[in-house]
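Visitor: The structure is given below, and queries will be raised subsequently.
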C-alpha cells in the first residue's frame, strides 16, 4: 500500500487554502458596521447575504453579488421598514364651500344640460337662434 495516508507514515502538514479571502473579509467588515444585520458570504454561490435582526412577520434577507450592492439593498430594506413603522398622517378634513349647496355645477349654466356653449356634445346657438345638437346649424 502506498500513499500519504497509509499507516505508519509521518504527519505531513497540508496547505490550507482560504477561498475568496477578500470577499469574506468584506462580509466581516459589513457585519461589524451594520449592527442590525448578520452578513454572510457564500462560497458556493459567491454572493453576499444579509439577514435582518429586527422582529417582523417574515425574515428580511437580502443578497447581492457585490459588497457595495449588498449595502445598498440593506439601506433600501431599512427605508421600507421605516416607512411602514412611521405613523401615517391623517387625511386633511374636507372643506366645504359656504352657500355652495344650491349652486349648479360650473358646466351647467342657464339650464343648459350639455355644459358650456361650444363644448363637444353640447348645444350651440345657430344664426337663427335655433339650437341643434353637435353645433350644426339647422
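The values are calculated or read from the model by the stated rules, or taken from the named source; none is laboratory data. It should be emphasised that the depicted structure is a prediction, and the values quoted were computed from it without experimental measurement. Cβ coordinates were reconstructed from backbone atoms using ideal geometry, including for glycine residues, and neighbour counts include every protein chain displayed.
Visitor: Only strands (runs of 3 or more DSSP E) wholly contained in the stretch 33-87 count here; list those with 1 or more residues that are out of contact with any helix residue (DSSP H, G or I) (no Cβ under 6 Å at 6 or more places or on another chain), without any contact (Cβ under 8 Å) to a residue 12 or more places away in the chain and under 23 Å from residue 22 (Cα atoms).
Guide: Of the strands (runs of 3 or more DSSP E) lying wholly inside the stretch 33-87, those with at least 1 residues that are out of contact with any helix residue (DSSP H, G or I) (no Cβ under 6 Å at 6 or more places or on another chain), without any contact (Cβ under 8 Å) to a residue 12 or more places away in the chain and under 23 Å from residue 22 (Cα atoms) span 37-42.
Visitor: Can you confirm whether residue 26 is surrounded by 11 or more Cβ atoms within 10 Å (Cβ to Cβ) and either in a loop (DSSP other than H, G, I, E, B) or touching a residue at least 24 places away in the same chain (Cβ under 8 Å) (or both)?
Guide: In short, yes.
Visitor: Out of curiosity, is residue 55 surrounded by 13 or more Cβ atoms within 10 Å (Cβ to Cβ) and at pLDDT below 95?
Guide: Details: surrounded by 13 or more Cβ atoms within 10 Å (Cβ to Cβ): no; at pLDDT below 95: yes.
So residue 55 fails the test.
Visitor: Here's something else I'd like to know. Residue 84 is checked against (1) over 27 Å from residue 40 (Cα atoms); (2) out of contact with any strand residue (DSSP E or B) (no Cβ under 7 Å at 6 or more places or on another chain); (3) at pLDDT 55 or above and fails just one. What number does that condition carry?
Guide: (1)
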